[in-house]
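Trainee: Got a structure for you, questions after.
Just so it is clear, none of the values below were taken in a lab; they were calculated from the coordinates. The shown structure was predicted, so the numbers you read here are calculated from the model rather than taken from an experiment. All Cβ positions, glycine included, derive from the backbone under ideal geometry; neighbour counts span all protein chains shown.
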């Protein structure tokens, strides 16, 4: 069994986010995401068929929904139900924002 660390190999790339798959099977997908000031494209909304549990491991972000926005700080988490329209409005530009995203079906 190999031990890995979520905080290893954090790349600072202002041009592109990192999406690192940690585990996946037919029911669940666990992903580490590293943002460096990236946001969702203008007028783009995620509306996926899976639920998404998001834990902010470090940094700061704002997730926007159609009717509200939520600020996330280190240690904050939310559960986004499937088909709930959302987008990333802001991620910290001074240091990496590190997310743990777990996609799952009911």
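Trainee: Output the Cα-based Rg and Dmax of the chain in Å, rounding Rg to one decimal and Dmax to a whole number.
Mentor: Here Rg and the maximum Cα pair distance are 13.6, 45 Å.
Trainee: Let me ask something else. Suppose R0 equals 30 Å; then what is the FRET efficiency for residue 5 and residue 79 from their Cβ-Cβ distance, rounded to the nearest 0.05?
Mentor: 0.75
Trainee: Sticking with this structure for a sec: For residue 21 and residue 62, calculate 0.36 nm times their separation in residues minus their Cα-Cα distance, and state this gained length in nm to one decimal.
Mentor: The residue 21-residue 62 span can extend by a further 12.5 nm.
Trainee: Let me ask something else about it. With labels modelled as points extended 7 Å from the Cα through the Cβ direction, what inter-label distance (nm, one decimal) is found for residue 28 paired with residue 42?
Mentor: Distance between label points: 4.0 nm.
Trainee: What FRET efficiency do you get for residue 71 and residue 100 if R0 is 25 Å and r is their Cβ-Cβ distance, rounded to the nearest 0.05?
Mentor: Calculated transfer efficiency: 0.90.
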